[in-house]
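The values are calculated or read from the model by the stated rules, or taken from the named source; none is laboratory data. Given the structure is predicted, the values throughout are model-derived calculations rather than measurements. Ideal geometry is used to build each Cβ from the backbone, glycine not excepted, and the neighbour counts take in all protein chains shown. What goes into the accessible areas is simple: the full protein's heavy atoms, side chains included, and nothing from ligands, DNA or RNA. Shrake-Rupley method; radii C 1.70, N 1.55, O 1.52, S 1.80 Å.
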Amino acid sequence: MLDTPRAAGFEDMTLQSQSAFHIIMQAMAHPGRIYAAPEPVACPAPMGPVAAMVALTLCDYDTPVWRDPALVTASELDNFLRFHTGAPFTESRDQASFAFISDAKSLDNLALFDLGSDEYPDESTTLVIEVEALTNSTGVTLEGPGIENTQIFSAAPLPAAFWAMAKANHALYPRGVDMIFVTEKSLACLPRSTRITKGA
């Protein structure tokens, strides 16, 4: 009998992954700007469809993946990710190329992930953080590369200390983690180069 969760994924891997990759790169190039996700992927719970889109687009055999406790306990999701990405799993945050966080409120310390090095800052962890809402109408003020003047941005729910952690993460630049926030339908990025100047 066909295992539907494992068989799900991109119907056209080449076209859909290219479409998803383009939007992810646009979001990373324009921090805090919210984009509609073009290729959400049906996947086993508790991972959401846009987080799955990011996984299938960016993860492969060479990118160790860390999952938060809620995702680790989902065996069908393990099978889905192994089948579609081939990415190895790691229990060590500082060994992960990508970290998937389904419970954003449990995010306690960005510095526990791989922060890269001065020589190879691009080897740091990229966090994919699932939230319920993204908005550009209220929140913190962002400045930096890819932002013409300023960008208002908020994601919820997040832990109370999150923006202080994000400021500390930026202070490490060029080291530091990059972050992709995803909802059920949209995404926005917060690269390590972005400054949080107000509201945090």
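Kindly indicate whether Leu142 is open to solvent by 20 Å² or more (accessible area, probe 1.4 Å) and either under 23 Å from Pro49 (Cβ atoms) or in a strand (DSSP E or B) (or both). For Leu142, the condition - open to solvent by 20 Å² or more (accessible area, probe 1.4 Å) and either under 23 Å from Pro49 (Cβ atoms) or in a strand (DSSP E or B) (or both) - is not met. Glu123 falls short of the stated requirement of being open to solvent by 60 Å² or more (accessible area, probe 1.4 Å), out of contact with any helix residue (DSSP H, G or I) (no Cβ under 6 Å at 6 or more places or on another chain) and either hydroxyl-bearing (Ser, Thr, Tyr) or touching a residue at least 60 places away in the same chain (Cβ under 8 Å) (or both).
Residues that are open to solvent by less than 60 Å² (accessible area, probe 1.4 Å) and farther than 22 Å from Ser106 by Cβ within region 173-196 comprise Pro174, Pro191, Ser193, Thr194, listed in sequence order. Of the helices (runs of 4 or more DSSP H) lying entirely inside region 16-107, those containing at least 3 residues that are over 30 Å from Ser137 (Cα atoms) and open to solvent by 50 Å² or more (accessible area, probe 1.4 Å) span 75-85. For Ala155, are the conditions met, namely being buried (at least 18 other Cβ atoms within 10 Å of the Cβ), closer than 21 Å to Glu130 by Cα and of a type in the set (Gly, Ala, Ser)? Yes; evaluated as a whole, the condition is true for this residue.
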